[in-house]
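Notes follow the structure.
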Amino acid sequence: MPTVDLLRSQGQAREALHKRAANIAFKQFGHRVFLRGVVEVSNFCRENCSYCGMRRDNRNLVRYRARHDELAELLVHHRPASITDLNIQAGEDPVVVRQVVLPLIKTLRRETPLGISVCLGTLSNDLCAELKHAGASVYIIKFEIADPSRYLEMKAPGNYQERLDQIRHLAATGWRVSSGFIAGLPGQGDEELLANFAVARELPLDGCSVSPFISGDETPLAGAPVADIDLTLNCMAILRLMRPDWVIPAVSALNLAEPGSGYRRGLRTGANLVTINLTPQDVRGDYLLYKRDRFIMTEERILAAIADEGLTPSTQSLADFYRTQKKANGSPNLKRVAAIAGR
């Protein structure tokens with residue numbers, strides 16, 4: 001488990017930590033980086049997280065739900081050639097799941113070879129089963145904060161135990177699950193941040209992200225300082241040391257924490273997944289995670305960053321990668337869920 005000294009590494013110690021993480025990623029995955037598209041299909045949300053601009057109490061936000069036919073045309077016929085996977089993301093909005101997401105997954109499964117992941121919050125078990133049956137195979141659901149009292153204070157989704165239970169249920173029912181947490185929340189101490197690694201280690205995950213805290217303009221935390229980029233990258237490196245086999249994304253918020261270079265530094269710190277934003281431009285500005293002035297990762301920017309770091313886009317989708325893993329190793333998540341349940 002990481003220590004405060006490792007978490008707060010600076011100077012040569014930090015460079016050595018990041019280099020070690022990058023070398024481990026190379027040994028595990030080679031130079032390849034998974035390249036995924038994302039479409040943000042709805043900014044309706046029934047949750048009220050203090051750190052998110054799409055919180056239900058934000059009355060200044062124009063709400064939208066994307067249309068299946070427009071997304072299907074874009075993704076079947078006009079998607080970037082470089083992507084192998086697609087993530088369908090929304091605020092916590094069961095309506096869009098039924099009206100748009102399920103039909104879209106079925107279309108993509110029928111018309112494309114894309115691996116499909118979803119990031120849709122805590123849904124009913126039945127609805128999650130429908131998504132999986134339709135053809136999605138990866139569920140992204142962040143536990144956000146490892147401290148139950150801080151989780152409650154920040155009005156994070158549902159409640160803390162419900163969130164962890166949902167992650168375990170998804171893994172137990174055959175999903176590949178990726179989670180994540182926030183670094184640099186206002187008032188977050190080192191021990192509180194370190195607790196995230198213990199939670200991530202115990203959960204049956206196939207991947208994990210670290211997002212730097214970015215103060216949203218239309219949230220109760222507006223004006224709070226942005227997370228330290230070095231602290232965030234140290235967390236990413238520690239995750240890689242802890243779990244060499246995980247898929248760890250370089251999140252676009254890294255470029256908000258350090259404009260111009262944060263994203264590329266993530267690729268030097270053991271990250272092996274990048275995401276191109278494919279959300280239609282007419283609604284993209286209203287998908288308000290942080291600020292309206294977003295840094296959009298286009299295909300051109302992504303491919304340039306990958307090439308500049310001496311990496312190459314993977315030609316294998318995440319879904320195929322996980323299937324290959326399963327054939328070689330059985331189902332480690334299901335075994336791990338059983339082991340945890342038996343304690």
For the chain, dividing by residue count, accessible area per residue (probe 1.4 Å) in Å² works out to 42
Rounded to a whole %, the carbon-and-sulfur portion of the accessible area of segment 42-139 at a 1.4 Å probe is 49
The percentage of the accessible area of segment 272-325 (probe 1.4 Å, all protein chains present) made up of carbon and sulfur atoms, to the nearest whole number, is 50
The size of the Cβ-based charge dipole (Lys, Arg +1; Asp, Glu -1) of segment 143-222 about the Cα centre, to the nearest 20 debye, is 300
Most packed first (mean Cβ within 10 Å per residue), the peptides 171-180, 84-93 order as 84-93, 171-180
The simple spin-label model distance between residue 12 and residue 286, using points 7 Å out along Cα→Cβ, in nm, is 5.5
A 1.4 Å probe over the protein heavy atoms gives segment 140-245 a carbon and sulfur accessible-area percentage of 53
Between the modelled labels at residue 98 and residue 28 (7 Å from Cα along Cα→Cβ) the distance in nm is 3.9
Toy charge model, Lys and Arg Cβ at +1, Asp and Glu Cβ at -1: the chain dipole around Cα centroid in debye, rounded to 20, equals 940
Full extension between residue 190 and residue 82 adds, at 0.36 nm per residue less the Cα distance, a length in nm of 35.0 nm
Probe 1.4 Å, all chains present, heavy atoms only: residue 191 accessible area in Å², nearest 10, is 130
At R0 = 22 Å the Cβ-Cβ FRET efficiency linking residue 62 and residue 124, nearest 0.05, sits at 0.20
Checked against the positive end of the charge dipole of segment 170-236 (+1 on Cβ of Lys and Arg, -1 on Cβ of Asp and Glu, about the Cα centre), the farthest of 219, 203, 183 is 203
Under a 1.4 Å probe, counting only protein heavy atoms, residue 252 has an accessible area in Å², nearest 10, of 60
Given pairs 106/326; 291/326; 142/291 and cut-off 31 Å on Cα-Cα distance, the over-length ones are 291/326
Simple SL model, points at 7 angstrom along Cα→Cβ for residue 162 and residue 217; separation in nm is 3.1
With a ≥ b ≥ c from the Cα gyration tensor eigenvalues, square-rooted, and the rule rounded for a/c under 1.5, otherwise prolate when a/b > b/c and oblate otherwise, the chain is rounded
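Of all DSSP beta bridges located in the chain, what percent are antiparallel, nearest 5?
5
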Residue by residue through segment 162-172, the couplings from Karplus 6.51 cos²θ - 1.76 cosθ + 1.60 with θ = phi - 60°, in Hz, x for Gly and Pro, are 4, 5, 5, 4, 5, 4, 5, 5, 4, 5, 5
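The values are calculated or read from the model by the stated rules, or taken from the named source; none is laboratory data. Keep in mind it's a predicted model, so treat the numbers as computed, not measured. Neighbour counts are summed over all protein chains in view; Cβ atoms, including those assigned to glycine, are modelled from backbone coordinates with ideal geometry. Note: accessible area is taken over every heavy atom of the protein model, side chains too, but ligands, DNA and RNA are not part of it. Shrake-Rupley method; radii C 1.70, N 1.55, O 1.52, S 1.80 Å.
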